[in-house]
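Read through the structure below, which is laid out as structure tokens, and then see the notes.
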Amino acid sequence: MRFAIAASLCVLLLSPPASQAEPDKRDFSPAERLLFMTPQLKDLQAPMLLRYTFGKTGSFEEAFADSVTVSLSAKEDGRCCDAKGVFLSGAHKLAVPDVPAAEGNPVILYFLEHDVREMKRLTRGSEYHFRKRIRMGIYQDAQVRDVALRYQGRAIKGKEIVFSPFLDDPNRPKYEKFATKTYRFTLSDAVPGGVYGIRTSIPGDSAAAQPLMVEELLIDGAKAPAR
């Protein structure tokens, strides 16, 4: 990835998959390149505030709505950007690091760190393990497709990245209720910061049942795509 961030936040997401005995640093999947190697901020004019809505719904826990912001300021050379994030508020707030000289949008890693910590809270499992499974899912299993989106009332084009990292996890029996969790990243060059939305979902016990849990982040002015 081309932007620096605290090592504890992304050590496994940014390192080559453990399954590669002699990893070639050029060996990245299309999903990895889109998520972690695209300079989404390079053409923005600082100062700028990227605003996102965040919502949690589902039958497992109480729903809530909140917000996420990424504040962009000019670097010492006047170019974009140094980034400072605020991820949720109150009891839900996640402390996230500032990202100097950011090129990629740190909201991706902020969301993933939130997600990993929530998985740990819900299952009492290992953050290391969940980071590794997500990393391997992006590398091995993620599907990328073109999508049509709506932003501020107009039609735009984007890319959608979808994967389910826990389906074939050997540790699945330890958290079976959450093993069908799907991750969906929606990216578009037509929105500031390149990230249209991020969504995780865990289906209910049957096709007709309410989802167990859904968390969705959308850039301000976006419309949630039809599922």
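Computed from the coordinates by the stated procedures, all read-outs in this text should not be read as laboratory data. All values reported here derive from a predicted model rather than from experimental measurement. Positions of Cβ are generated from backbone atoms using ideal geometry, with glycine treated the same way; all protein chains shown enter the neighbour counts.
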Worksheet item: Can you pull out the trypsin sites (Lys or Arg not before Pro) in segment 27-82 that DSSP calls coil and that have at most 16 other Cβ atoms within 10 Å?
Response: Lys42, Lys75, Arg79
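Using helices alone, what [θ] at 222 nm do you get for the chain, with -39,500 (n - 2.57) per DSSP H run of 4 or more residues, divided over all residues and rounded to the nearest 500? Don't jump to the answer; show the numbers that get you there.
On the way: 4 runs with 42 residues, N = 227.
Only helices count here, giving -5500 deg cm²/dmol.
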Worksheet item: Can you list the lysines whose alpha carbon is less than 18 Å from that of Lys42, not counting same-chain residues fewer than 8 positions off?
Response: Lys75, Lys84
Item to complete: Over 21 Å, how big is the tail of the calculated P(r) for the chain, in percent of all Cα pairs?
Response: 56 percent
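Tell me, which longest segment in the chain has none of the GluC sites (Glu not before Pro) that fall in DSSP loops with at most 16 further Cβ atoms within 10 Å?
Working: sites that count: Glu61, Glu62, Glu76.
Counting only loop sites that pass the neighbour cut-off, the longest clear stretch is 77-227.
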Fill in: Count of lysine pairs in segment 122-227 with Cα separation under 21 Å (8 or more residues apart, or interchain)
6
Worksheet item: How much net charge surrounds Arg51 when only the other residues with a Cβ under 13 Å from the Cβ of Arg51 are counted, with Lys and Arg +1 and Asp and Glu -1?
Response: -2
